[in-house]
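What follows is a single structure, written as structure tokens, with notes after it.
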Amino acid sequence: MTSIAVKEIYKLCPRDRVIAATLSLITSEGVDAVTHRRVAAIAGVSPGTTTHHFSSRAELLHESFMAYLEQLDDAISQHIFDPKIPPMQAVHNALLNLIENEFNKIPMLRAEYELLLAASTNDKLAEAVKAWEARATKLIEDALEQAKVKSPDEAALILINFIRGFELERLYKPNLSVIDFNQRLGSLLNGLSRNRD
């Protein structure tokens with residue numbers, strides 16, 4: 001949902017249109033730009049439609065960020081659960097796919113950091129981000145455990161933090177590429193592969 005172009009928003013149901021429009025506004029102008037009226041204009045609905053589905057701005061932001069986190073869940077799990085490939089390759093594919101998607105949609109990368117900033121002052125969002133991180137870490141941890149990597153729980157956290165660091169670096173170094181990420185990820189996973197039980 002979060003990668004939908006504004007012209008594609010009109011194909012969604014009203015609630016999803018509002019969420020997609022909210023995320024579109026966040027990526028282009030930041031969280032502070034979000035109002036029911038601005039979102040309604042982008043979504044092509046009345047302001048009453050936005051308040052019907054989301055009674056407050058806080059609820060609108062929360063539900064939009066939850067939709068974004070669901071998309072991240074899908075991006076990771078579709079590769080990690082592939083039983084046809086070795087677990088380390090599944091982890092590599094899932095993380096590479098995640099970064100490739102974000103590199104094709106740099107505004108969504110900004111939205112993720114807007115989410116983290118918003119979560120720093122909103123307990124409900126902070127809990128949602130922590131829950132997402134726990135789910136993502138567990139998926140990676142399970143695959144690393146299948147690959148017999150030592151301390152798969154710590155290795156999974158290292159990988160999550162590695163991704164966050166690379167994403168942050170990408171925001172201020174636009175010349176970084178998916179190739180750079182792939183090389184760094186390959187080195188990190190090779191190191192983890194050598195550290196097996």
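Observations on the structure shown:
- Taken as a whole, the structure places Leu109 among residues that are of a type in the set (A, V, I, L, M, F, W, C), within 19 Å of Glu29 (Cα to Cα) and not assigned by TED's automatic domain parsing to the domain that holds Leu25.
- Among the residues making up segment 25-55, those that are in a helix (DSSP H, G or I), free of Cβ contacts under 8 Å to residues at least 40 places away in the same chain and among the small types (Gly, Ala, Ser) are Ala33, Ala40, Ala41, Ala43, Gly48.
- Just one of the numbered conditions (1) at pLDDT below 85; (2) on the phi > 0 side of the Ramachandran plot; (3) of a type in the set (Gly, Ala, Ser) is not true of Ser3: (2).
Every residue, every condition in (1) of a type in the set (Ser, Thr, Tyr); (2) under 22 Å from Leu144 (Cα atoms), yes or no:
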residue	(1), (2)
Ser56	yes, no
Ile76	no, yes
Pro83	no, yes
Pro86	no, yes
Gln89	no, yes
His92	no, yes
Ile99	no, yes
Ala119	no, no
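- Selection of first residues in segment 168-197 that are assigned by TED's automatic domain parsing to the domain that holds Asn97 and farther than 13 Å from Pro152 by Cα and of second residues that are of a type in the set (S, T, N, Q) and loosely packed, with under 12 Cβ neighbours inside 10 Å, restricted to Cβ pairs under 7 Å at least 6 apart or on distinct chains, gives an empty result.
- The condition of being surrounded by 15 or more Cβ atoms within 10 Å (Cβ to Cβ) and of a type outside the set (Ser, Thr, Tyr) holds for only one of Leu168, Leu96, Leu117, that being Leu96.
- Segment 19-70, subset closer than 13 Å to Leu115 by Cβ and of a type in the set (S, T, N, Q), residue modelled with the lowest pLDDT: Thr27
- Some residue of segment 56-64 being more than 14 Å from the chain's Cα centre (by Cα), loosely packed, with under 14 Cβ neighbours inside 10 Å and without any contact (Cβ under 8 Å) to a residue 12 or more places away in the chain: yes
The values are calculated or read from the model by the stated rules, or taken from the named source; none is laboratory data. Keep in mind that this is a model prediction, so the values were computed, not measured. Positions of Cβ are generated from backbone atoms using ideal geometry, with glycine treated the same way; all protein chains shown enter the neighbour counts.
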